[in-house]
Amino acid sequence: MFNRRNGFRVGLLVVLVLLGAYLFVSGKQHQMFVDNKEIALDGKAYPAEAFVRVAFDGKEPLELASGDRDVTQVVGPAHTVKIEVLNESGDVLKTLDGDFQWVSTPKGMFSVPAFLGGAPSPMVDSPREE
Amino acid sequence: MNEKLKGFIEEAGWPRVIIGLFLLSLFVAAPFVQVRVDASISDTLVRFGMNGILVLAMVPMIQSGCGLNFGLPLGIIAGLLGAVTSIQLAFTGMLGFLTALAIAIPLAALFGTAYGLLLNRVKGDEMMIATYVGFSSVAFMCMMWLLLPYTSPTMIWGYGGSGLRTTISVEGYWLHILSDFLSVQVGEYFYIPTGMFIFFGFMCFLMWAFLHTKTGTAMTAVGSNPEFARASGIDVNRMRVVSVVLSTVLASIGIIVYQQSFGFVQLYMGPFYMAFPAVAAILLGGASVHKASMVNVVIGTFLFQGILTMTPSVINSLLQTDMSEVIRIVVSNGMILYALTRKVQVKR
Amino acid sequence: MKAYTTKEKIQHLLISNAVPIIFILMSAIAIPLSGFSPTYLVQEMLIRLARNSFLVLSLIIPILAGMGLNFGMVLGAMAGQVGLILVSDWAVVGIRGLLLAAMIATPIAIALGYVCGAVLNRAKGREMVTSYILGFFVNGLYQLAVLYAFGKVIPISNSELVLSRGFGIRNAINLAGMRHALDYLVPLKIGNLNVPVGTYLTIGLFCLFIVWFRRTKLGQDMRAIGQDMHVAGAAGIPVEKTRIIAIIISTVLACYGQIIFLQNIGTLNTYNSHDQAGMFAIAALLIGGATVSKATIPNVFLGVILFHMMFVVSPMAGKQLMGQAQIGEYFRVFISYGIIAISLALHAWKRQKDRERARRSLRGEA
Amino acid sequence: METTPLLRMEHIGKEYFGNRVLADVSFTLEKGQILGLVGENGAGKSTLMNILFGMPVIGQTGGFEGKVLLDGKEVVFADPLDALDAGIGYVHQEFSLIPGFSATENILLNRESTKYNFLVEVFGDRLETLDRPHMRERAEKAITTLGVDLDPEMIVTEMPVGHRQFTEIAREIDRENMKLLVLDEPTAVLAESEAQVLLQGMKKLAAQGISMIFISHRLQEIMDVCDKILVLRDGRVIQEAKTHETSVRQIAGWMVGRKMEEAAEARPADRIFGEPLLKVEHLWVDMPGETVRDVSFDVRQGEIFGIGGLAGQGKLGIGNGIMGLFPAGGKVFLGEAPIYLNDPRFSLSAGMAFVSEDRRGVGLLLEEPIEWNIVFTAMQTQDAYIRSLLGGLVKWRDDKAIAAASKEYIDALEIKCTSGRQRAVELSGGNQQKVCLAKAFAVKPKLLFVAEPTRGIDVGAKRLVLDTLRRTNREFGTTIVMTSSELEELRSICDRIAIVDEGRISGILPPTAPVEEFGLLMLGTTGNGNGENEADRMVYHNE
């Protein structure tokens, strides 16, 4: 019953299941809100920037003025982000590259100020749907 | 008692028993879900009359050993040509109906002869080839419906000006010409298309009579054991062609009867899948791939059409969803599949 | 053995390749009529080759095992679609989504293939018509599942997939997240032409698999069974089991083929995509010069190109010729069915003739 | 030297449905010996071999009596594959080769040499790839052992018949533990030179210690290669003898000889016949397994003409060919009128009728009522039992007349059935045969062909069938051509008996001729030699 062959087969099956789980997690596409509003986390306030350009996973950047909120799609749990802070005339004031982990809701909003301010996690509660 | 029941089930086959019981339970359940039984029965009867002859068309080819006539659309096309031409000639009433038949039957005989000659060359593979002969003839006629020079304004596309419509109403020509003959209307919901039944009965009688003639007997023998028939001096190939012609002609008559009751001539892809319900119905009636009788036709058509009528109304009221299409697919194809996979009784 | 003259050889070549030759001639007439530019046609063929080849290739193994054209391949296509629906719901995208869809669909395809093989073992000698009807039958069950079970028994969270009544899958599913995920996995552009390299690599791998498979013991057994079931059985080859394996392989491959097909198209027609898969694949294979009993890899590629060339060109050619594009569209439908009918008939006829000839060779010299 | 014999079969007996086909058969076979197994068709040879191989049919019909010992140990095979594993090979009369495979592939069918690859671990051994060079090596070795000239890469369909036979034998030789080889008429399809090569090969194999059981009706071959012979008749061992102590003539006598009481029974001393009714000139018939090559004979009005011979020699082809059931050529006259061959209807209309040997395949409409079976041919060829309606436009089947007519036949032939409406498939073999006869009688033929009328029916029914034929002949003057494998039957009823061998008539004898003469004609060895002299061999070689 339990011989070499069956060992291999069970092993393969386990590998396949693990691969499936990996694909599921890493390939899953999520909806993520991106926010450029002042926010208070753990008693600390992070002010909004006047104008930012945010690009996730090297894709097309989003441009957000202060108080703007947008939505985008990201795939998988680990993401890179590149934020450029701009002034009114469109010049890049500073650029920040970084990465963060995010799996799923309920915290489905990426707060640019929190990320720029170096909060433990940039992810905050999603806006309630009206 | 138990033995008797067992014997009956074995005789009829499980699928038939199950489907029969299913239909019965539908009729029983109908009043409880506010479905009018009389309207349902009336519907079933009308559809029974409409489809009967198409199912009857299966009999000759089964009897001669050519198997199930999946090539039925070929005959149907002849019927369509008859119907369309009759409308083009603007004949109305019984004259229109008869004209349609008069044009359809010789055409069907012609198609059937060619089709029969083809089937004689492919013995053993008739069914698959018949299916595709049917399909390709329908596709071919799709082109023809666009090209043939019909001009009657009721039939051609309003815009563009050429090519026939997908559905042509026979109202004003020969709508219900058979159905309404001696028809009985009871109350608001109950209607018996007596004329159509008489015609169907007459067709069954002709078929029955044919099987009692010398040629019919020979045909049955060919289906039962072609070697025996050959040893008795029968031209097996000729008998097979005769059966195919008969089947095709019956199909062409069947579709015209269907149209006069349904009210429309459906062209283009309309006849595409028409063989399958007919095949399923006769198998449901107890025919096998090698043997069929008038009883099989009548019972099978009734059961099959009963299910088609009852499932939408009853099941839909019961489950609040329309499952009729799915049930039709599963029942009809399941029935054909059952017939095809039944172990053929060992002949020696 | 007598040597053939050149003339006889050419004659033989022409006769045995009659179908592809006719199609080449037809294309030669129709292409100029249609007025399509060569670039457009090449691009179109490149795409269609990627899109359809895998499905067509899945037909080869049952032919090897003597079971004819596997009309039951639609079962595999349905399994693939179930996988894609689930993956769409879970919003797993890209190549990972495709892989996951394939992984989910595989066990379903194996189960369906097993059922199909077992049914066909009960209908030896009429495998084709039986697998054909089985396709319809399982289509009913598929609709039952997709229309009623999905959203009720199997949770579907994505409201875009579900019919407005709350359960059942919508008619069309947008596979935007997976579109071309395999095709352009390895990006390559030649001039204006996008080349779906990823898919070609997959197809190439699969061809290698077929070549390799024919050299295995199992492949050899299938060839033996395909030629003479009784002799193979008498030699101890498990005939029924091997036939089931052949159908399972075909079904699983058809399932992958359908996934590849749909990632290329980008939209899943829940209720008809699989229907067409079988018919087009079979017609293409036959146009490529294959028969019910013999099919090679070149048949597949030639067939896909010729069939789809006609497919692309005929509506326009019809329009130019008859003034109606509709004619061309019906024409290609007619050709698809007609070619299957003719091929089947020719094969059956040839078999009958062969039987007679085999008999005649035994006849006394008198 | 005391050794255990390789094979010992002890007191083997077998009944099929109360019908005894083997009784108390015992023999032994030493290592490296060749045993010739001879006997007429139906003598029990094939049943004996079926028992040895454990064919499922034996188990399904109630097993057998006695013991089979291989190397001194009792063996019971449930399946022919078990017998193969135990080292017993079988070369069939019909080829069991895969047509599109090469010799190598066929020789190693299902025993191919394979190479490991890692996929095996998951999907099982069948995914190993074939090791073609090694396969070819093995095939060549087997071919060399057999000592024949055979290209290992040649495809079966392109091979001459002899090479196919060699391939088949090489397949058995390749088995590692092959100890015993059964060859069932391996030379029947071979040309003379090929047969000689095969016989040489057999001797070589025997020298290597492989034992063989050789079944053949070419006695000369048996004499040439076998160490001893075993003669079976009616399921019993008639004689076991060393080959060098016997002769072809003696063996032929053992095979067919039996007590002749029945044949001597009430035969009118001198029967007078009319003019020749049937003239057959250079007839050939392409009937699979029963090819007729060149046959000429006359049958006279009122005669019962018998055609005998071993199975597969073509005796059945004659009737089938004349009746148009198989492609045929040559000239056939009924009276003065020529018969167009290949047209059953013509033959029937000319006044001939046929009772087929293939009762269930050709003779009957199994699924239809007895009535139909009886009247069908007459109805279709002579418009009997037909009522013309509408001025001849409709030929209506007259069910009443049919019922009446079939009732007569059912009574006359004592067909046991519930009614004429009973389906033919439900009848016993004997009653089915009577239905077939009734069908032929209903045509009221001038000339009646009857093939194997008593095959597979019980003794009582046999008697009745033969009596019916005799009575028809005497009362209605119907000329009968009867084909049968049972010589006794022919001798009991026929006026003259033709023996067919290899598609030709090897001689026509009166029924009173000595039984040995028939035996020699059947075996294709005419002349008076004792089978060991050159003259015999010459006749044989001439074929």
Positive-end residue, segment C:1-130 charge dipole about Cα centroid, Cβ charges, pick of C:Leu99, C:Ile29, C:Asn121
C:Asn121
What helix-only [θ] at 222 nm does chain B give? Using -39500 (n - 2.57) per DSSP H run of at least 4, over all residues, to the nearest 500, the answer is -22000 deg cm²/dmol
Under a GNM of chain B (C-alpha, springs under 10 Å), which listed residue has the highest mean-square fluctuation: B:Ala30, B:Ala100, B:Ala130?
B:Ala30
Of all the C-alpha pairs in segment D:361-444, what % are more than 20 Å from each other?
28
Once whole DSSP H runs in chain B are found, which of them have Cα atoms spread over 20 Å or more along the helix axis and a mean Kyte-Doolittle score of at least 1.0?
B:14-29, B:37-56, B:72-88, B:93-121, B:126-147, B:194-211, B:236-262, B:294-310, B:324-341
In debye, nearest 20: dipole of chain B around its Cα centre with unit charges on the Cβ of K, R (+) and D, E (-)?
1040
Of the DSSP H helices in chain D, the ones reaching 15 Å or more along their long axis in Cα terms and averaging at least -0.5 in Kyte-Doolittle hydropathy are D:192-207, D:370-382, D:399-412, D:429-442
Would chain B count as rounded, prolate or oblate if I go by the C-alpha gyration tensor, calling it rounded below 1.5 in a/c and otherwise prolate when a/b exceeds b/c, oblate otherwise?
oblate
Averaged over D:126-134, how many beta carbons belonging to a partner chain fall within 10 Å of each residue's beta carbon?
4
Calculate how steeply helix A:4-27 sits against the longest principal axis of the alpha-carbon atoms of chain A, using the helix alpha-carbon long axis, and give the answer as 0 to 90 degrees to the nearest 10.
10
Using modelled amide H (1.01 Å from N, peptide plane; none on Pro or chain starts), what sits under 5 Å from the amide H of D:Val481, excluding residues fewer than 5 places away?
D:Phe305, D:Leu448, D:Phe449, D:Val450
I'd like the distance between the alpha-carbon centres of segment B:203-222 and segment B:255-271, rounded to an integer number of Å.
28
With +1 on each Lys and Arg Cβ and -1 on each Asp and Glu Cβ, how big is the dipole of the protein assembly as shown about its Cα centre, in debye rounded to the nearest 20?
1560
With the cut-off at 1.5 for a/c, could you classify chain D from its C-alpha gyration tensor as rounded, prolate or oblate?
prolate
So who's got an amide H within less than 5 Å of the one on C:Thr267, skipping anything under 5 residues away but keeping other chains? H placed 1.01 Å off N, in plane.
C:Leu175
Between B:Ser261, B:Ser224, B:Ser179, which gets the highest mean-square fluctuation from a Gaussian network model of chain B, Cα cutoff 10 Å?
B:Ser224
Given axes a ≥ b ≥ c from the Cα gyration tensor, I'd like to know whether segment B:145-281 is rounded (a/c under 1.5), prolate (a/b larger than b/c) or oblate.
oblate
If segment A:29-124 were replaced by its equivalent ellipsoid, with semi-axes equal to the square roots of 5 times the Cα gyration tensor eigenvalues, what would those be, largest first, whole Å?
19, 16, 11
Could you tell me what percent of the DSSP beta bridges with both partners in chain D are antiparallel, to the nearest 5?
55
Mean-position separation - Cα centroids, segment D:65-81 and segment D:272-338, in angstrom
45
Angle between the Cα long axis of helix C:217-227 and the longest principal axis of chain C, 0 to 90 degrees, nearest 10?
60
Give me, ordered by chain and number, the residues 5 or more places off D:Ile497 or on other chains with an amide H under 5 Å from its own placed amide H.
D:Gly306, D:Leu509
Fewest first, what order do B:Phe304, B:Phe91 take by the number of other Cβ atoms within 10 Å?
B:Phe91, B:Phe304
Once every DSSP H run of n ≥ 4 in chain A is given -39500 (n - 2.57) and the sum is divided by its residues, what mean residue ellipticity at 222 nm do you get, rounded to the nearest 500 deg cm²/dmol?
-7000 deg cm²/dmol
So what's Rg/Rh here for segment C:20-351, counting alpha carbon atoms and using the Kirkwood radius for Rh?
0.98
To the nearest 20 debye, what is the magnitude of the charge dipole of segment C:98-255 about its Cα centre, counting +1 on the Cβ of each Lys and Arg and -1 on the Cβ of each Asp and Glu?
100
For segment D:169-218, the Debye formula with one identical point scatterer on each Cα and no solvent gives log10 I(q)/I(0) at q = 0.17 Å⁻¹ as -0.50
Sites D:Leu81 and D:Lys407 - FRET efficiency at Förster radius 56 Å, r taken between beta-carbons, to 0.05:
0.60
Segment D:431-511: Kirkwood hydrodynamic radius (Cα pairs, Å) comes out at 13.3
Compute the long axis of helix C:38-57 from its Cα atoms, compare it with the longest principal axis of the Cα atoms of chain C, and write down the angle in degrees, 0 to 90, nearest 10.
80
How big is the antiparallel share of DSSP beta bridges in the protein assembly as shown, given as a percent to the nearest 5?
70
So which of C:Lys353/D:Lys331; D:Lys400/D:Lys444; D:Lys14/D:Lys416 end up more than 24 Å apart by C-alpha?
C:Lys353/D:Lys331; D:Lys14/D:Lys416
The value for the protein assembly as shown (convex hull of the alpha-carbon atoms, volume per residue, Å³) is 248
Charge dipole of segment B:15-339 about the Cα centre (unit charges at C-beta), most positive-ward option of B:Ala287, B:Gly79, B:Gly300:
B:Ala287
Kirkwood radius from Cα pairs of segment C:227-366 plugged into Stokes-Einstein at 10 °C, 1.306 mPa s, gives D in µm²/s equal to 87
Between B:Ala104, B:Ala78, B:Ala229, which gets the highest mean-square fluctuation from a Gaussian network model of chain B, Cα cutoff 10 Å?
B:Ala229
Karplus-derived 3J(HN,Hα), 6.51/-1.76/1.60, for each residue of segment C:145-162, Hz, glycine and proline x:
5, 6, 7, 10, 7, 5, x, 10, 7, 9, x, 10, 8, 6, 5, 5, 8, 9
Only bridges whose two residues both fall in segment A:29-124 count here: according to DSSP, what percent of them are antiparallel, nearest 5?
90
Would you calculate, for chain C, the mean residue ellipticity at 222 nm contributed by helices, counting each DSSP H stretch of 4 or more residues as -39,500 (n - 2.57) and dividing by all residues, to the nearest 500?
-24000 deg cm²/dmol
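Quick note: the coordinates plus some simple rules give every number you see, no bench work behind them. Keep in mind that what you see is a predicted model, and the values were worked out from it rather than measured. Cβ: placed from backbone, ideal geometry, glycine included. Neighbour counts: every protein chain shown.
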